[in-house]
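Below: one structure, written as C-alpha cells.
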Amino acid sequence: MNLSNLKPAAGSVRKNKRLGRGEGSTRGGTSTRGHKGAQSRSGYSSKVGFEGGQMPLQRRLPKYGFTNINRKEFRGINLDSLENIAKLKNITTIDKEVLIANGLASKNDMIKILGRGKLTTALTIKIHAVSATAKSAIEAQGGTVEIVKR
C-alpha cells in the first residue's frame with residue numbers, strides 16, 4: 001500500500017447534486033426548491049424556532065423560577081484534597097493562594113471547605129466559608145479555621 005493507490009471506502013463518498021443544469025438532469029427548472037414561496041427565493045433563512053406559523057415551543061411553555069441576584073457561588077473543596085496538598089507540599093497553612101497554585105481554585109472563586117475525607121495533620125486554614133463537619137474535623141486534629149472576607 002502506498003499513497004498512489006489509496007481510495008475512500010466504497011459508498012462513503014457521494015457526488016453532489018448538480019442543480020439548475022437543464023431539464024435533462026431532472027433537477028432543472030425549480031432546482032428542487034418547489035414553486036414560489038420564501039423557501040424558493042435566494043437569501044432565504046428561517047428564524048430559529050420557527051414552526052411554520054404555529055406558536056413556537058419556547059412561547060407555548062410557561063416561564064417559571066427566578067435568578068437570585070444575592071446568591072453567592074462557592075467552589076467546594078473537600079478535606080481529602082487538603083490532606084493531599086499538605087502531604088505533597090509539606091505545608092501546614094492553607095489559604096486561597098495555595099489552592100490557586102495547586103489548581104484547585106481560580107483567582108475569582110469564593111472557596112468553601114467541605115467535610116468529605118479525613119485529616120491526619122493539624123492545618124491552619126484561612127478561607128471564605130467552611131461546613132460544620134469540616135470545621136469539627138479540622139479542630140479535632142488541632143487545626144484552626146479563620147474565615148476571611150472576600
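The table below gives the values:
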{"quantity": "Any chance LEU88 is within 19 Å of MET110 (Cβ to Cβ) and out of contact with any Ser or Thr (no Cβ under 8 Å at 6 or more places or on another chain)", "calculated": "no"}
{"quantity": "Of the criteria (1) on the phi < 0 side of the Ramachandran plot; (2) within 36 Å of the chain's Cα centre (by Cα), which one SER42 fails", "calculated": "(2)"}
{"quantity": "Qualifying positions in the stretch 134-150 - exposed (fewer than 14 other Cβ atoms within 10 Å of the Cβ) and in contact with a helix residue (DSSP H, G or I) (Cβ under 9 Å, 6 or more places away or on another chain)", "calculated": "THR144, VAL148"}
{"quantity": "Members of the stretch 105-129 found to be touching a strand residue (DSSP E or B) at 6+ places or on another chain (Cβ under 9 Å) and outside any strand (DSSP E or B), listed by number", "calculated": "ALA105, SER106, ASP109, GLY115, ARG116, GLY117, ALA122, LEU123, HIS128"}
{"quantity": "Cross-chain or 6+ apart pairs with Cβ under 9 Å, the stretch 116-132 first and under 20 Å from ILE147 (Cβ atoms) and in contact (Cβ under 8 Å) with a residue 12 or more places away in the chain, then basic (Lys, Arg) and crowded, with 17+ Cβ neighbours inside 10 Å", "calculated": "LYS126/LYS96; ILE127/LYS96; ILE127/LYS112; HIS128/LYS96; HIS128/LYS112; ALA129/LYS112; VAL130/LYS112; SER131/LYS112"}
{"quantity": "Segments classed as helices (runs of 4 or more DSSP H), wholly inside the stretch 42-104, with at least 1 members that are hydrophobic (A, V, I, L, M, F, W, C) and touching a residue at least 12 places away in the same chain (Cβ under 8 Å)", "calculated": "79-89, 96-101"}
{"quantity": "Residue within the stretch 67-90 that is over 30 Å from VAL145 (Cα atoms) and either modelled with pLDDT of 95 or more or not small (Gly, Ala, Ser) (or both) present", "calculated": "yes"}
{"quantity": "Output for the stretch 1-41, where each listed residue is loosely packed, with under 10 Cβ neighbours inside 10 Å, out of contact with any Ser or Thr (no Cβ under 9 Å at 6 or more places or on another chain) and not in a loop (DSSP other than H, G, I, E, B)", "calculated": "LEU3, SER4, ASN5, GLU23, GLY24"}
{"quantity": "Criterion (under 23 Å from the mean Cα position of the chain (by Cα), surrounded by 10 or more Cβ atoms within 10 Å (Cβ to Cβ) and of a type outside the set (D, E, K, R)) met by exactly one of ILE94, ILE125, ILE85, ILE113", "calculated": "ILE113"}
{"quantity": "Residue match in the stretch 130-144 (condition: in a strand (DSSP E or B) and either within 31 Å of the chain's Cα centre (by Cα) or over 13 Å from ILE94 (Cα atoms) (or both))", "calculated": "yes"}
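The values are calculated or read from the model by the stated rules, or taken from the named source; none is laboratory data. Everything quoted here is computed from the prediction, not taken from an experiment. Virtual Cβ from ideal backbone geometry, glycine too; neighbours counted across all protein chains shown.
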